[in-house]
Amino acid sequence: MKNNYKIISVGGSIIIPKTGFDIKFLKKFRALVLKHVKAGDKFILVIGGGATCRDYQDALGKVVKTSDSDLDWMGIHTTIFNAQFVKLLFKDVSYGEVIIDPTKKVKTNKKVLIASGWKPGCSSDKDAVLLAKTYGAKEVINLSNIEYVYDKDPNKYKSAKKIEEINWKDFRKNVVGYKWVPGKNVPFDPIASGLAEKLGLRVSILKGTDLREVENVISGKKFRGTIIN
């Protein structure tokens, strides 16, 4: 595994939360990745749009009539902007351009690649899955703003139960559904889930700000979170 890239989908709100940048966290996240790079690991960090993306989409929809494609493109450009920021955070070890097309393999000896969204009709989760396919990875690590996936929204239902492990069929049927809605806040994009199921990928979902658990999942250890396979 040392020679393969680890694919990490980083929710935009992990990098740029609604409350503003958390510089202390960013420094610690950077140090964690660099520590593993020094140990021989390689990473592809796929950066999402997060709350910033949804703010733009909401404002756009309140001023003019928008199509799903309009909203998706707004989101994609937000991910590219966020990805540029992350690329500069890792400029000493990262490839010089943001990866926009996840189906084209980049020839580089750089240990960190930064990717963004690509096309309408899905979120950056699908780009992470496509990158896993392109680079031969068997797992996508999804850093989210939740500790676990739940069987229903825990903010609305006190009876919601956390899910530690679930198969793709049940995850798609009971948790995220089958249709993509621009800006939809789900644990893992329904379109990405369908592709991940076809590819036989494992997806690990955990709270991205809990760097102890991020360390565990990168190291292949047991972690607090949800496994989908």
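The values are calculated or read from the model by the stated rules, or taken from the named source; none is laboratory data. The structure presented is a predicted model; accordingly, all values stated were derived computationally and were not measured. Note: ideal-geometry Cβ built from the backbone for every residue, glycine included; neighbour counts use all protein chains shown. Surface areas here come from the heavy atoms of the whole protein model, side chains and all, with no ligands, DNA or RNA. Shrake-Rupley method; radii C 1.70, N 1.55, O 1.52, S 1.80 Å.
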Requested in this report: Tell me which of these residue 75 doesn't satisfy, since it passes every other one: (1) modelled with pLDDT of 95 or more; (2) out of contact with any Ser or Thr (no Cβ under 7 Å at 6 or more places or on another chain); (3) surrounded by 14 or more Cβ atoms within 10 Å (Cβ to Cβ); (4) part of a helix (DSSP H, G or I).
Outcome: (1)
Query raised in the report: Which is charged (D, E, K, R) and open to solvent by less than 70 Å² (accessible area, probe 1.4 Å), of 65, 105, 91, 42?
Result: 42
Report summary line: Checked pairs for the stretch 4-27, first over 17 Å from residue 84 (Cα atoms) and open to solvent by 10 Å² or more (accessible area, probe 1.4 Å), second assigned to a loop (DSSP other than H, G, I, E, B) and among the aliphatic types (A, V, I, L, M), C-beta under 8 Å and 6 or more apart or across chains, list as 4/137; 5/137; 6/137
Query raised in the report: Just a yes or no: is a residue in the stretch 174-181 within 15 Å of the chain's Cα centre (by Cα) and either buried (at least 19 other Cβ atoms within 10 Å of the Cβ) or modelled with pLDDT under 95 (or both)?
Result: no
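One line per residue, one yes/no per condition, for (1) open to solvent by 20 Å² or more (accessible area, probe 1.4 Å); (2) over 25 Å from residue 39 (Cα atoms):
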| residue | (1), (2) |
| --- | --- |
| 80 | yes, yes |
| 83 | no, no |
| 101 | yes, yes |
| 109 | yes, no |
| 140 | no, no |
| 149 | no, yes |
| 153 | yes, yes |
| 159 | yes, yes |
